[in-house]
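In what follows, a single structure is set out as structure tokens and then discussed.
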Number of protein chains: 2
Amino acid sequence: MKPIDPIEVFKALSNEARLQILDWLKDPKAHFGPQGGVDLIEVGVCVSQITSKLNMTQSTTSQYLSVLQRAGLVHATRLGKWTYYRRDEEAIKEIASYIQHDL
Amino acid sequence: MKPIDPIEVFKALSNEARLQILDWLKDPKAHFGPQGGVDLIEVGVCVSQITSKLNMTQSTTSQYLSVLQRAGLVHATRLGKWTYYRRDEEAIKEIASYIQHDL
DNA sequence: TTGACATATCGCAAAACGTCGATATAATGG
DNA sequence: CCATTATATCGACGTTTTGCGATATGTCAA
């Protein structure tokens, strides 16, 4: 696991839409309908579902998810033609810990 | 005390120089020489001293300190012709707490 | 009051970011 | 193979950020 880059993390968090996505992903069942046989919790939510809720284009949504991923905040799993994103709770804990001790 | 605006805070933290300043201010005695009869810990460090250590102009330093202040991360005290900045540890704790519980 | 110093603010140019539409790539089903 | 669907990437363009120099403001000392 790549070490945390605080600047990259803070930049990723400096945007309303991206914070919104992270928040929705805290409880996917509460915010997204079920998608086929895929476990929302284990695997995540696909880009189209997130796009539907954000008021933005698929292009923007996909880019924002990449930003979150590069910052280490979410994890992506490709299954067939879908890419499922879920929070990386481990990494998020690390970040919270960094902030608490080093900020 | 004005409530925290996470986006403003994250933006303020999305910059190497500003993180550096916050880090120096964690232990002013370790990073700055004494300044007159002023208690570095209680009152803070003046803009010129911070400017000397940052590799940037007085103008930039002053602006960055304003950004940190608007985000609630530091507190400014004007004494004579100097403005002393110190970390607002209370606010920083609040932010760390926000991140830990709401991120 | 004037001069000198510390800080703040203004206006700029370059870089980065936000967001989109268009297009490319990947995967599936016929 | 082809059409379709999901996602990723590219190019564009307006907005924001970065960092600077120049200048304004505040404060003290003479």
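Counting the residues of the stretch A:79-103 that are exposed (fewer than 14 other Cβ atoms within 10 Å of the Cβ) and among the acidic types (Asp, Glu) gives 3.
Rundown of residues vs (1) aromatic (Phe, Trp, Tyr); (2) part of a helix (DSSP H, G or I); (3) near DNA strand D (Cβ under 9 Å from one of its atoms), yes/no style:
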position	(1), (2), (3)
B:Val9	no, yes, no
B:Leu19	no, yes, no
B:Leu22	no, yes, no
B:Gly33	no, no, no
B:Glu42	no, no, no
B:Met56	no, no, yes
B:Ser66	no, yes, no
B:Arg86	no, no, no
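Scanning the stretch B:68-78 for residues that are open to solvent by less than 60 Å² (accessible area, probe 1.4 Å) and assigned to a strand (DSSP E or B) returns B:Val74, B:Ala76, B:Thr77.
The residue that is farthest from A:Val9 (Cα to Cα), counting only those in the stretch A:62-81 that are without any contact (Cβ under 8 Å) to a residue 40 or more places away in the chain and more than 7 Å from DNA strand C (Cβ to nearest atom), is A:Thr77.
Exactly one residue out of A:Ser62, A:Ser52 is over 24 Å from A:Met1 (Cβ atoms) and small (Gly, Ala, Ser), and it is A:Ser52. Taking first residues from the stretch A:15-26 that are open to solvent by less than 30 Å² (accessible area, probe 1.4 Å) and partners that are of a type in the set (S, T, N, Q), the Cβ contacts under 9 Å between residues at least 6 apart in sequence or on separate chains come to A:Ala17/A:Asn55; A:Ala17/A:Thr60; A:Ala17/A:Thr61; A:Ile21/A:Thr61. Candidates are the residues of the stretch B:39-53 that are surrounded by fewer than 17 Cβ atoms within 10 Å (Cβ to Cβ) and more than 9 Å from DNA strand C (Cβ to nearest atom); the one that is nearest to A:Ser14 (Cα to Cα) is B:Lys53. When you check A:His31 against the structure, is it open to solvent by 70 Å² or more (accessible area, probe 1.4 Å) and either free of Cβ contacts under 8 Å to residues at least 60 places away in the same chain or of a type in the set (A, V, I, L, M) (or both), yes or no? The answer is no for A:His31.
The values are calculated or read from the model by the stated rules, or taken from the named source; none is laboratory data. In this text the structure is predicted, and so the values were computed from the model without any measurement. Please note: Cβ atoms are built from the backbone with ideal geometry, for glycine as well, and neighbour counts cover all protein chains shown. Surface accessibility is based on the protein's heavy atoms, side chains included, excluding ligands, DNA and RNA. Shrake-Rupley method; radii C 1.70, N 1.55, O 1.52, S 1.80 Å.
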